[in-house]
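The values are calculated or read from the model by the stated rules, or taken from the named source; none is laboratory data. These figures come from a predicted structure and were not determined experimentally. Cβ placement follows ideal geometry from the backbone for every residue including glycine, while neighbour counts extend to all protein chains displayed. For accessibility, only protein heavy atoms count, side chains too; no ligands or nucleic acids. Shrake-Rupley method; radii C 1.70, N 1.55, O 1.52, S 1.80 Å.
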Amino acid sequence: VKTGLTSRAVVAGVVLALVVGAAFVVLLSSIAGLRQSQLRLEASAQVLVDANRLERLIIDIESGQRGFAMTGEETFLQPWREATAAFPRQAAELERLVADDPGQLASARQITAAGESYIRDYSVPLVDTARRDPVAGRSARAAAEGKRLVDAMRADFDQLVTARQAAAAAQRRRSDAEARRASLAGAAGLAGSLLLIAVYTGYLTRTVAAPVRRVAAAARRIAAGDLTVRVASGGVGEVGVLERSFNAMAGTLARNRDELRASRERIVTAADQARRRIERDLHDGIQQRLVSLVLDLRGLQDAVPADQPELGERLDRLTGGLNEAVDELREVSRGIHPAILSDAGLTPALRALGRRSPVPVDLDLDVPGRLPEPVEVAAYYVVSEALANTAKHARATAATVAARARNGVLHLEVCDDGAGGAAAGGGSGLVGLTDRVEALGGTVAVISPAGRGTRLVVDLPLAGP
Ligand SMILES: Nc1ncnc2c1ncn2[C@@H]1O[C@H](COP(=O)(O)OP(=O)(O)O)[C@@H](O)[C@H]1O
Ligand SMILES: [Mg+2]
């Protein structure tokens, strides 16, 4: 089974949706990744701020306890107390911030432990000692111990900050790569979609629009009467069905037209033959018989005795009546079939028609020799009917008849200068004439504007239909 256009359109639509969808999935996941990176970078910055704050607390503790130890003034203990109270909170906050990185979490815990130990085991005892014994509090040994502890903590801070900064730099590199991937995916998705749409449009044009346009053009030619036209078949799916059905339809139309033409020709020929038989029977039978009766009567007239003159007169009237009957019979049989046409050909027959026409006729005849019999008969009836119409309907003062056989076509024109307004269908004459001419593959045109005369133009192919 050939795939139809509908299923092809569905497949194309699905492919397009998949390509666009895939591009969007990549794009969206890249955007989510970028957002994640952004959050991580912000968290890194926060860690650095926090670590810095924690370090400052240690410095506050250091300078507070040293100031008190040196001077014994309670004012130094105010920032010291605040800093020692704040340290555990701040340290817990830092641990929370680096919880996602085990290495950094270990550093943070170490800082917390070191700071708490510094406060508990060094700073608080030092302040107590200084309160009790100011000299011992000022000892260089205590100061050196404090500096060692603070330096150790500073090293821990530096390690944490360096690790954090390295992680942030790596994160930035990853997010740059992510951004590049996102732009690439977006561009590739866009280009792919555009390409697919272009390909699909081209495909539709080639498989649907172009063949339909060809079939439409062929249909126009058929409507104009050219039944030989066919379209190239082999189109896709339903379009192929359309093309093949169109060709089949054109073939059927042409066959029907040919059959119609053939049957019309048979009918016209049969009618002509019947008329000729009747004419011959009238001429050879009844007419000959009447003529010999007239001759017999003449002989009888001679034998009438001189003393019976009224018998002679009656025989005279009888002879006259019989002669009139012969003339009428001749006239009738000529209407049925013109003997002169079969005997002498078209030119003499048309001349006879011209002579008999009540409207004066100008003849222009150029028909050498004899033509096929059906053509001669048709031409004779065309001119006969046209001149009869001129006499009957036109109120014309003159008519012309032109006949010319050339290039395999007999061209006839009968014109008058009468009232015009002739149309086939108004009576039986022009319709019958059209039947006869078209049966032979010819054409009839009646040009008859009201008030401007009538022109009947007929073309008859000499070779037959
Ligand atoms: N030469 C003409 N001049 C004017 N009118 C004409 C002429 N020929 C035909 N007609 C008109 O066209 C009609 C159709 O003609 P036709 O088919 O020969 O029928 P009809 O049997 O009436 O002659 C006529 O009835 C007449 O009205
Ligand atoms: Mg007529």
For V409, all conditions in the list (1) away from ligand 2 (no atom under 15 Å from the Cβ); (2) β-branched (V, I, T); (3) farther than 17 Å from A463 by Cβ; (4) open to solvent by 30 Å² or more (accessible area, probe 1.4 Å) hold save one; what is the number of the exception? (3)
Pick out the one residue from R436, R455 that is over 27 Å from E259 (Cα atoms), charged (D, E, K, R) and either in contact (Cβ under 8 Å) with a residue 12 or more places away in the chain or surrounded by 14 or more Cβ atoms within 10 Å (Cβ to Cβ) (or both). R455
Mind counting the residues in the range 96-132 that are farther than 22 Å from P79 by Cα and open to solvent by 40 Å² or more (accessible area, probe 1.4 Å)? 9
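Table: residues versus (1) surrounded by 12 or more Cβ atoms within 10 Å (Cβ to Cβ); (2) at pLDDT 90 or above.
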residue	(1), (2)
A185	yes, no
A218	yes, yes
V236	yes, no
N256	no, yes
I267	yes, no
Q273	no, no
Can you tell me which residue in the range 341-384 is nearest to ligand 1 (Cβ to nearest atom), limited to those that are within 20 Å of I447 (Cα to Cα) and surrounded by fewer than 19 Cβ atoms within 10 Å (Cβ to Cβ)? V359
Could you say whether any residue in the range 297-317 is acidic (D, E) and assigned to a loop (DSSP other than H, G, I, E, B)? yes
Give the range 427-442 a look and list any residue that's touching a Lys or Arg at 6+ places or on another chain (Cβ under 7 Å) and within 15 Å of ligand 2 (Cβ to nearest atom), or say none. D435
Can you tell me which residue is nearest to L253 (Cα to Cα) among those in the range 187-216 that are open to solvent by less than 40 Å² (accessible area, probe 1.4 Å) and touching a residue at least 60 places away in the same chain (Cβ under 8 Å)? T207
Mind listing whichever residues of the range 276-296 are charged (D, E, K, R) and open to solvent by less than 50 Å² (accessible area, probe 1.4 Å)? E279
So, in the range 71-89, how many residues would count as being closer than 20 Å to V135 by Cβ and out of contact with any helix residue (DSSP H, G or I) (no Cβ under 8 Å at 6 or more places or on another chain)? 1
Given the criteria of a type in the set (A, V, I, L, M), within 19 Å of S357 (Cβ to Cβ) and within 7 Å of ligand 1 (Cβ to nearest atom), does L430 qualify? yes
If you check A445, A403, A424, A463, which single one turns out to be aliphatic (A, V, I, L, M) and within 16 Å of ligand 2 (Cβ to nearest atom)? A424
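One line per residue, one yes/no per condition, for (1) open to solvent by 70 Å² or more (accessible area, probe 1.4 Å); (2) over 30 Å from A167 (Cα atoms):
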residue: S30; (1), (2): no, no
residue: Q36; (1), (2): yes, no
residue: R40; (1), (2): yes, no
residue: S44; (1), (2): no, no
residue: V47; (1), (2): no, no
residue: R66; (1), (2): yes, yes
residue: A69; (1), (2): no, yes
On the given criteria, is A422 more than 7 Å from ligand 1 (Cβ to nearest atom), touching a residue at least 12 places away in the same chain (Cβ under 8 Å) and open to solvent by less than 50 Å² (accessible area, probe 1.4 Å)? no
Under the condition of being part of a loop (DSSP other than H, G, I, E, B) and within 11 Å of ligand 1 (Cβ to nearest atom), which residue from the range 439-452 is most open to solvent (accessible area, probe 1.4 Å)? R452
So how many residues does the range 310-330 have that are open to solvent by 90 Å² or more (accessible area, probe 1.4 Å), without any contact (Cβ under 8 Å) to a residue 12 or more places away in the chain and farther than 19 Å from E279 by Cα? 4
On the given criteria, is S44 in contact with a helix residue (DSSP H, G or I) (Cβ under 8 Å, 6 or more places away or on another chain) and under 30 Å from L97 (Cβ atoms)? yes
Only one of (1) under 16 Å from D459 (Cα atoms); (2) within 13 Å of ligand 1 (Cβ to nearest atom) is not met by A396, so which one is it? (1)
Could you list all residues from the range 49-64 that are surrounded by 21 or more Cβ atoms within 10 Å (Cβ to Cβ), more than 15 Å from G146 (Cα to Cα) and not small (G, A, S)? L54
Hey, any hits in the range 146-168 for a residue that's hydroxyl-bearing (S, T, Y) and open to solvent by less than 30 Å² (accessible area, probe 1.4 Å)? no
When the range 399-419 is examined, which residues are found to be closer than 13 Å to V446 by Cα and within 6 Å of ligand 1 (Cβ to nearest atom)? D416
Selection within the range 1-50 - in a loop (DSSP other than H, G, I, E, B) and under 15 Å from L184 (Cβ atoms): none
Output for the range 300-325, where each listed residue is of a type in the set (G, A, S) and at pLDDT 90 or above: G320, G321, A325
State all residues of the range 115-162 that are touching a residue at least 12 places away in the same chain (Cβ under 8 Å) and either among the β-branched types (V, I, T) or outside any helix (DSSP H, G or I) (or both); if no residue qualifies, say none. I119, V124, V127, T129, R138, V150, V161
